[in-house]
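The values are calculated or read from the model by the stated rules, or taken from the named source; none is laboratory data. As the structure is a computational prediction, the values presented were derived from the model and not from experiment. Cβ placement follows ideal geometry from the backbone for every residue including glycine, while neighbour counts extend to all protein chains displayed. SASA here: full protein model, heavy atoms, side chains in, ligands and nucleic acids out. Shrake-Rupley method; radii C 1.70, N 1.55, O 1.52, S 1.80 Å.
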Amino acid sequence: MRISIVLGTRPEIIKFSPIVRECEHLSLDFFILHTGQHYTYNMDRLFFEQLELPEAKHNLNVGSGSHAEQTGKMLIGIEKILQEEKPDVVLVEGDTNTVVAGALAAAKLGIKVGHVEAGLRSYDREMPEEINRVLADHCSSLLFAPTEKSRRILLHEGISENKVFVTGNTVVDAVCQNLEISKKICRVHDRLGVHGGDYLLVTVHRQENVDDKKRFGGIMKGLDLLREESGLKVVYPIHPRAMKQLKVFGLQPNGVMLVEPLDYLSFLQLESNARLVLTDSGGVQEEACVMKVPCVTLRENTERPETLEVGANVLAGTEPHKIVNMAKLMLNDRANWENPFGDGKAGTKIVDILTEKCGQIE
Ligand code: UD1
Ligand code: UDP
């Protein structure tokens, strides 16, 4: 069996790393096809180096662009490589434009698609990621749902039961494989001049937040108020999209420590010792839940409802006073929930299922 792992962005590199490790461990025939959706060193290569991943065999260097432009270039490039390489299965992970392009190009060539992190739904079709999730799921032959809830969503949409497998989320594997190492080698607190428990960690990058002046402005104002009221520092490793938009809108960070996007080990260290995480990231909502750090999500909805159900996360939207109130609520909360995303063996389970089922599933 020949496997093509299609990835293109920071979270895909991180969440695929346990699967790549397992493929290497079993000496499977696989290769990485990188779309180049992310390309800046600290959004891309840094993660290959730190996670010791093999080089991508192909990089399409698609870069940034409008959704159609970016996805279209990916479709053309991926199709060509799949025709040359002839894999038996294409794996995609998550909900980015890379995912929908990888899934669609493969499905149209009659190559089986395995979707890792299948069945997540925000039910908000204004998010580009929601369209990508739905399309990728409905092109896939093997759907790796992280939780029972996501499995049920897929069945409810008419996807046949024999294609869906509950595996947990590989985000847990990545945390388990890297948190101890990060404790030993990371000096990120010294570097940033913060101490465990005296800061809030922020990540905001979603298109619907940072490309909208009112919403992004509301978040920045909320962070400023929260900093004043709580006396805690606010650290924001800022995604390049958000940095660009901050300048476009002329927003002032007012006491918020803006830092470059961090390497994974430093980010894990900072995240695991934060008093609270405020984010619109999918992966960060999950990681905070796994590492028992309370989370405030700066959105009106989430495709990770498990985090809300266990009490690890609340939705605050982007209105400044609501952000402050929700943050205060979570700052007083006790982190005694169970992690709903699995036991850290999702990568092994996914590769086992892949090797067992690949020849059988239509
Ligand atoms: C993409 C995904 C989003 C995911 C995020 C992870 C889609 C539709 N969006 O959003 O779901 O949460 O990745 O981080 O697929 N840029 C750089 N360097 C880079 C990459 C991007 O400077 O390496 C800047 C460019 O100005 C670019 C902008 O960020 O125009 C947006 O990049 P893009 O990949 O289109 O979307 P993300 O916001 O990164
Ligand atoms: N992350 C990182 N450095 C940072 C911010 C985030 O390594 O400065 C990691 C984080 O640990 C998580 C992933 O990036 O695993 C989340 O990616 P992102 O927020 O870009 O995308 P999303 O999960 O929203 O798709």
For the stretch 138-151, does any single residue satisfy the condition of being part of a helix (DSSP H, G or I) and open to solvent by less than 30 Å² (accessible area, probe 1.4 Å)? yes
Does Leu315 satisfy the criteria of being buried (at least 22 other Cβ atoms within 10 Å of the Cβ) and within 23 Å of Lys214 (Cβ to Cβ)? no
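State whether one or more residues within the stretch 41-61 are aromatic (Phe, Trp, Tyr) and in contact with a Phe, Trp or Tyr (Cβ under 7 Å, 6 or more places away or on another chain). Give the steps one after another, and end with the answer.
Taking the stretch 41-61 as the starting set, the residues that turn out to be aromatic (Phe, Trp, Tyr) are 41, 47-48.
Okay, now just the ones that are also in contact with a Phe, Trp or Tyr (Cβ under 7 Å, 6 or more places away or on another chain), so 47.
Yes.
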Mind counting the residues in the stretch 13-38 that are hydrophobic (A, V, I, L, M, F, W, C) and within 16 Å of ligand 2 (Cβ to nearest atom)? 5
Please verify whether Glu287 is at pLDDT 95 or above, more than 16 Å from His205 (Cα to Cα) and open to solvent by 10 Å² or more (accessible area, probe 1.4 Å), treating the condition exactly as stated. yes
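Select from the stretch 228-242 the residues that are part of a helix (DSSP H, G or I) and more than 19 Å from the chain's Cα centre (by Cα) and write down the one among them that is nearest to ligand 1 (Cβ to nearest atom).
Ser230
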Number of the exception - Leu331 against (1) out of contact with any Lys or Arg (no Cβ under 7 Å at 6 or more places or on another chain); (2) surrounded by fewer than 21 Cβ atoms within 10 Å (Cβ to Cβ): (1)
For the stretch 260-299, the count of residues that are more than 8 Å from ligand 2 (Cβ to nearest atom), in contact (Cβ under 8 Å) with a residue 40 or more places away in the chain and among the β-branched types (Val, Ile, Thr) equals 3
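Quick one: in the stretch 66-93, of everything that is under 29 Å from Gly344 (Cα atoms) and surrounded by fewer than 24 Cβ atoms within 10 Å (Cβ to Cβ), which residue is nearest to ligand 2 (Cβ to nearest atom)?
Initial filter on the stretch 66-93 (under 29 Å from Gly344 (Cα atoms)): 87-93.
Retained after the next criterion (residues that are surrounded by fewer than 24 Cβ atoms within 10 Å (Cβ to Cβ)): 87-89.
On the way: Pro87: 25, Asp88: 27, Val89: 23 Å.
Here the answer is Val89.
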Between a residue in the stretch 121-143 that is at pLDDT 95 or above and any residue that is within 11 Å of ligand 1 (Cβ to nearest atom) and basic (Lys, Arg), which pairs come within a Cβ distance under 7 Å, given they are 6 or more apart or on different chains? Arg121/Arg133
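Do the conditions hold for Asn254, that is, is it assigned to a loop (DSSP other than H, G, I, E, B), open to solvent by 30 Å² or more (accessible area, probe 1.4 Å), under 24 Å from Asn169 (Cβ atoms) and not hydroxyl-bearing (Ser, Thr, Tyr)?
no
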Just a yes or no: is a residue in the stretch 248-260 within 11 Å of ligand 1 (Cβ to nearest atom), in contact with a helix residue (DSSP H, G or I) (Cβ under 8 Å, 6 or more places away or on another chain), under 20 Å from Ala274 (Cα atoms) and at pLDDT 95 or above? no
Only one residue in Val310, Val277 is open to solvent by less than 40 Å² (accessible area, probe 1.4 Å) and more than 30 Å from Pro87 (Cβ to Cβ). Which one? Val277
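Every residue in the stretch 102-128 that is part of a helix (DSSP H, G or I) and more than 16 Å from ligand 2 (Cβ to nearest atom), please.
Filtering the stretch 102-128 down to residues part of a helix (DSSP H, G or I) leaves 102-108, 128.
Answer for the stretch 102-128, where residues must be part of a helix (DSSP H, G or I) and more than 16 Å from ligand 2 (Cβ to nearest atom): Ala103, Leu104, Ala105, Ala106, Ala107, Lys108.
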Elements of type helices (runs of 4 or more DSSP H) contained in the stretch 158-227, each with 1 or more residues being small (Gly, Ala, Ser) and within 16 Å of the chain's Cα centre (by Cα): 170-185
Name the single residue that is farthest from ligand 1 (Cβ to nearest atom) among those in the stretch 37-56 being of a type outside the set (Phe, Trp, Tyr), in a helix (DSSP H, G or I) and touching a residue at least 60 places away in the same chain (Cβ under 8 Å). Gln50
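Could you say which residue among Asn61, Asn97, Asn42 is among the polar types (S, T, N, Q) and away from ligand 2 (no atom under 16 Å from the Cβ)?
Working: Asn97 fails: away from ligand 2 (no atom under 16 Å from the Cβ); Asn42 fails: away from ligand 2 (no atom under 16 Å from the Cβ).
Sole residue among the options that is among the polar types (S, T, N, Q) and away from ligand 2 (no atom under 16 Å from the Cβ): Asn61.
Which members of the stretch 283-294 meet the condition of being under 21 Å from Asp333 (Cβ atoms) and either within 15 Å of ligand 1 (Cβ to nearest atom) or part of a loop (DSSP other than H, G, I, E, B) (or both)? Outline the logic, then answer.
Residues of the stretch 283-294 that are under 21 Å from Asp333 (Cβ atoms), as a first pass: 284-294.
Val284, Gln285, Glu286, Glu287, Met291, Lys292, Val293, Pro294, listed by residue number.
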Tell me, which residue of the stretch 222-251 that is surrounded by fewer than 18 Cβ atoms within 10 Å (Cβ to Cβ) and touching a His at 6+ places or on another chain (Cβ under 9 Å) is nearest to His321 (Cα to Cα)? Leu225
